[in-house]
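Contents: one structure, followed by commentary.
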Amino acid sequence: MRILPRGRRKETVILFLGTCSVLGFMKLNSVIDAYPRTSIHIEGAGNAVLLNKNYTAIMIQNSTKRIKTSVNVTSESTSSNSLLQLVTKSAHSETLKSSIKSPGSTEFTLNFSVSAALQYGHFRPQKGFLTIGIPSIKRERFNYIHKTIDSLLANSSPEDKETVTIVIMFNDDDADWNNERALNVSETYDEYIQSGHIQVITLPPQLYPDFNLIPRTYNDSVERLTWRSKQNIHYAFLFKYCHNISDFYMHLEDDVVAAKNYIQDVRKYKRIFMNNWFLIRFSNMGFIGVFFKSSNLLTISDFFLLFYAVQPCDFLMNIIAKIKLQEKEIRFRPSLFQHHGIISSLKNKKQLIVDRYFKGTKIIRRKKYYNLNPPAEVDTTMVVYEEYTADQAYFINDKYFWAISPQKGQTYTVVLKEQQTLKALVIVGAFPTKKTDYIENGEVQISSSQHCSDWIKLGELTKGSFDTAKVKNPDIAILLRNITCIQIEVTKSQSNWAIISELVLKLDEEKT
């Protein structure tokens, strides 16, 4: 690298990069510092993205020889350009477009419009301390966003609410769902919408590339590749939108709960006001509680757009942190946010792990299946203990059904909304913390009748549990066709209380 004397108006830096697809970095401190008003224009055989005023990453593609790339630094211009032409104007501009071509993928153009995105709420006249960004996408029959918002509100003070903005983005492909959810949140939290504490935005329609044409990484299916690529794009949009609202930005998911006084804990963390960090984690899980300076949001957004189809979001964040010379992870303990959701936005995926370092009440997953059963009505003739109702064993949660001394003839009944063909029926009795509480004598029955009559016995409970895989009946697959009702009947009275922890219906998708 050769730097010409400071008196010259134009400097040229020569960088030689090796073969293959490589990511090279140039430290331009000495050049930039010499000229307070500069622009960087990159020429050569590779693509490039401006990361900040000090570092430029050069991506060389399909190179079979050494390539000479020149970087011209000129003090006459006040704008910055790169071959990718990534837009980094104010988030409050009307309409912006970022056109990128990710390595190995098709071209994608991000349509960004504040007026199209902002549905409810308003910008405050002054910058705040923190913006909390929460993207939300449709999950099958589950919606966690209200619990998340309630937790954030309940665990922050009135003073916190004056300097914190919560931006909730509904970004599903279903625009009607986005609008319905946005309206619902605005009506539920109208007080905070009016004060500017909460903004609700939706992702304007995007023309996505054909993900079938994008090379697969990590051996992911096209479905998973599509899901994580869109997630990167959506996060990039949210970063652009939030970049000028507050001094700092915190990224959450829509199925978390916050610890008490989490804002005060963030403020007290001494590293926040030091300059030698890029990323701080306030949670021990994935992309929850990821915290950085708002001045870096546009850079991160552009980086996510450049590699949207190459790496998952948490991997990209780790990479850019190293690019920004943060070699070691900075993590706050105890964690300030806990993941409580189970059903993922990726179809057929469950997320059961929780953060054992969470500052608040611990969530302990004690069930085995957490199965997403088909819609049904659940009822019982047994005497229910407090809030441990019959539906707790059927629907996804960490609770269970608990009956007081079941008596002969009492029943637990599931009536399906639609007729189903099952691959398996599993019943889990008792619970890890109450292993002696189960139905001691009972039988499992099914019906294909619309009125839940003509019951057919499948088998008997063993210590309150049952599994069709253990039923020695060659006709079991035939019996499980076109089921409308499932019932557990107590065949002998008992003094012990009884728990049904889970009732699992595994569907035969091909025959349903």
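The values are calculated or read from the model by the stated rules, or taken from the named source; none is laboratory data. Not measured: the values here are computed from a predicted model. Glycine gets a Cβ as well: all are built from the backbone with ideal geometry, and neighbour counts include every protein chain shown.
Consider region 397-420 and keep the residues that are under 11 Å from Ser501 (Cα atoms) and out of contact with any strand residue (DSSP E or B) (no Cβ under 6 Å at 6 or more places or on another chain). The one that is surrounded by the fewest Cβ atoms within 10 Å (Cβ to Cβ) is Asn397. State whether one or more residues within region 190-203 are modelled with pLDDT under 95 and of a type in the set (A, V, I, L, M). Checked region 190-203: at least one residue is modelled with pLDDT under 95 and of a type in the set (A, V, I, L, M). Taking the criterion of being in contact (Cβ under 8 Å) with a residue 40 or more places away in the chain, assigned to a loop (DSSP other than H, G, I, E, B) and in contact with a strand residue (DSSP E or B) (Cβ under 9 Å, 6 or more places away or on another chain), the residues of region 172-213 that qualify are Tyr189, Gly196, Leu203, Pro204, Pro205, Gln206, Leu207, Tyr208, Pro209. Checking the structure you have, find out if any residue of region 284-297 is more than 29 Å from Arg124 (Cα to Cα) and either outside the structural domain of His197 (by TED's automatic domain parsing) or in contact with a helix residue (DSSP H, G or I) (Cβ under 8 Å, 6 or more places away or on another chain) (or both). Yes: one or more hits. Only one entry in Glu387, Glu440, Glu377 is exposed (fewer than 14 other Cβ atoms within 10 Å of the Cβ) and either touching a Leu at 6+ places or on another chain (Cβ under 6 Å) or modelled with pLDDT of 95 or more (or both), namely Glu377.
Quick one: would you say Lys368 is among the basic types (Lys, Arg) and touching a residue at least 12 places away in the same chain (Cβ under 8 Å)? Step through it out loud before you land on a result.
Working: among the basic types (Lys, Arg): yes; touching a residue at least 12 places away in the same chain (Cβ under 8 Å): yes.
Considered against the rule, which asks whether it is among the basic types (Lys, Arg) and touching a residue at least 12 places away in the same chain (Cβ under 8 Å), Lys368 comes out as yes.
If you take the residues in region 445-473 that are acidic (Asp, Glu) and closer than 26 Å to Trp497 by Cα, which one is surrounded by the most Cβ atoms within 10 Å (Cβ to Cβ)? Give the steps one after another, and end with the answer.
Taking region 445-473 first, the residues acidic (Asp, Glu) are 454, 460, 467.
Imposing the further condition that a residue be closer than 26 Å to Trp497 by Cα reduces the set to 460, 467.
Values: Glu460: 12, Asp467: 15.
In this case the residue turns out to be Asp467.
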